[in-house]
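> First the structure, then my questions, so here it is.
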Number of protein chains: 2
Amino acid sequence: QIVDEIVKLMEKAPAAEESGSLSGRRVLITAGPTREPLDPVRYLTNHSTGKMGYAIASAAAAMGAETKLVSGPVELGAPSGVTRIDVETAQEMFEAVMSDLNFDIIIMTAAVADYRPKAVASQKIKKVEGDLALELTRNPDILYEVGKVKNKQILIGFAAETEKVLEHAEAKLRKKNLDMIVANDVTVKGAGFGSDTNVVTFITADGEQTAYDQMGKADVAKAILKKAVSLLP
Amino acid sequence: QIVDEIVKLMEKAPAAEESGSLSGRRVLITAGPTREPLDPVRYLTNHSTGKMGYAIASAAAAMGAETKLVSGPVELGAPSGVTRIDVETAQEMFEAVMSDLNFDIIIMTAAVADYRPKAVASQKIKKVEGDLALELTRNPDILYEVGKVKNKQILIGFAAETEKVLEHAEAKLRKKNLDMIVANDVTVKGAGFGSDTNVVTFITADGEQTAYDQMGKADVAKAILKKAVSLLP
């Protein structure tokens, strides 16, 4: 009986190697969407729910890392042991990330808006007849800016694509100077926004591709962190 | 002791008059924001959380009405006794509402997007350098269209404003042929989107204005329905 209990406990606990494999390491994660206001009422956003990033933050903390999570507006609570910084816009996320890049591993899962309305109205815009052209301007490309200045950090990005998934993902890996990119086709069932599962392919800077079957996001998180640990200098 | 208990129960129960005041009546409520897609990933939306509309639906059902709730994407569960129809876009909400207007009271709390992107890309739009003009086109004005065809229905709209609140609200009441409009200044503390309270002024078609202090949304809901009952033919 007692032996059974001990065996069960050992099965539940992460492997010793895994549980301590990020001790003394600092991990930064971004998660969720950003919101880009047009006026006090309306905004541009996207379907990211933050689940993937929060799963990684939770796993990183469980593996012993000092974990910081810069999060756009989501419906999730901060995982235990994680320092969460809340932001709304891409510009706020950019500033929160660039303020401290002294991390061993940086994993950017946030779906940052590429564009924001050029002018933000201070009052609710009244509608007019007919069409309207909304002037958009580019947001800072956070992943690109971190890739440009990083030295020892392992930098991992995500590519949520709807077509030519691996091609787009590998181009992004090169352009942003990443160590690894996690590609997923958000049109695939069980891989899209809000899903509790994901279907991913890892592409590393040396060109290695590893495709996974559908997994729970907690398992995807562990696989990403395990790979990140193997890439540490 | 027993008397005390009975007194307590009587205090909790709605007044007999209130609880049955919508028996045999049909009430339609719209709630929440709409989402207007740019592509499979990005969309335009607003800060509506649906709390006000869901509170009205819940109160209408409790008052004995056959209650239909046409709801944009929100984080709330359907109130008990309410038939909920889920929609995403303004066009979908328009169709769901116009398909059946045989109601005694129609209360439109939804924050319907006035505009949608003119073209919806079937694949994720890749970003380009520099600025971008997003072509927007007008969505159907659901409140206006219902106001145009209504006969005996009591039609109630909301005006969530950030300036000249009563002026904008009264203009909307006239333009949309409403029986009553509920005006609120979303910049006021305790009256904005996502709040559990609201600070409202009722304006009826005969020009009567009734301003309320800050109330919980359940109490605002009851006040609206009580006023709606008094306006029934």
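Just so it is clear, none of the values below were taken in a lab; they were calculated from the coordinates. In this text the structure is predicted, and so the values were computed from the model without any measurement. Cβ atoms come from the backbone with ideal geometry, glycine included; neighbour counts cover every protein chain shown.
> Among residues other than A:N198 whose Cβ falls under 15 Å from its Cβ, what is the net charge (Lys/Arg +1, Asp/Glu -1)?
0
> Of the beta bridges DSSP finds with both residues in chain B, what % are antiparallel, to the nearest 5?
35 percent
> For chain B, calculate the relative contact order in percent as a whole number, restricting contacts to Cα pairs under 8 Å that are 6 or more residues apart.
Once normalised by length, the contact order is 19 percent.
> Distances from A:A171 to the same residue in each other copy, label points 7 Å out along Cα→Cβ, in nm, shortest first?
Spacings between copies for this position, smallest first, are 4.6 nm.
> Now a separate question. Peptide B:133-140: average number of partner chain Cβ atoms within 10 Å per residue?
Counting Cβ atoms of other protein chains within 10 Å of each residue's Cβ and averaging gives 4.
> Taking each label point as 7 Å beyond Cα in the direction of the beta carbon, state the distances from B:G81 to the same residue in the other copies, shortest first, in nm.
Distances to the matching label points in the other copies: 4.8 nm.
> While we're here: Quick one, can you get me the convex hull of the C-alpha atoms of the protein assembly as shown expressed as volume per residue in Å³?
In the protein assembly as shown, the Cα hull volume divided by residue count equals 200 Å³.
> Let me ask something else about it. Sticking to Cα atoms, compute the Rg of the stretch B:97-231 to one decimal and its Dmax as the biggest Cα-Cα distance, whole number, in Å.
Reported Rg and Dmax, both Å: 17.7, 58.
> What are the distances, in nm and sorted shortest first, from the label point of A:E208 to the label points of the same position in each other copy, with each label point placed 7 Å from Cα along the Cα-to-Cβ direction?
Label point to label point, same position, other copies: 7.6 nm.
> Whole-Hz ³J(HN,Hα) for each residue in the stretch B:85-101, computed from phi via Karplus 6.51 cos²θ - 1.76 cosθ + 1.60 with θ = phi - 60°, x for glycine and proline: what do you get?
Karplus-based 3J(HN,Hα) across the stretch B:85-101 equals 10, 8, 9, 10, 9, 4, 4, 5, 5, 4, 5, 5, 6, 5, 5, 7, 10 Hz.
> Just to compare against my own numbers: the Cα pair-distance distribution for the stretch B:40-132, 10 Å bins, whole % per bin, please.
With a bin width of 10 Å, the distribution comes to 13, 42, 26, 13, 6, 1.
> Whole Å is fine, so just give me how far the alpha carbon centre of the stretch B:48-126 lies from that of the stretch A:174-215.
35 Å
> Also, I was wondering about something else. How many Cβ atoms of partner chains, on average, are near each residue of B:117-124 if near means within 10 Å of its Cβ?
Across the residues of B:117-124, the mean count of other-chain Cβ atoms within 10 Å is 3.
> Rounded to the nearest 10 degrees, what's the angle between the helix B:165-175 long axis and the longest principal axis of chain B, both from Cα atoms, 0 to 90?
The angle comes out near 80 degrees.
> Return the equivalent ellipsoid semi-axes of chain B as a descending list in whole Å, where each equals the square root of 5 times an eigenvalue of the C-alpha gyration tensor.
34, 19, 18
> Right, another one. Give me, ordered by chain and number, the residues 5 or more places off A:I154 or on other chains with an amide H under 5 Å from its own placed amide H.
A:I105, A:I106
> Translational D (Stokes-Einstein, µm²/s) of the stretch B:173-233 at 10 °C and 1.306 mPa s when Rh comes from the Kirkwood sum over C-alpha pairs?
For these conditions, the coefficient is 131 µm²/s.
> Now for a different question. Show me the GluC sites (Glu not before Pro) within the stretch B:158-216 that DSSP assigns to loop and that have at most 16 other Cβ atoms within 10 Å of their Cβ.
B:E163, B:E208
> May I pose another question? Among A:R26, B:R35, which comes first, then next, by fewest other beta-carbon atoms within 10 Å?
With the sparsest Cβ surroundings first, the list reads A:R26, B:R35.
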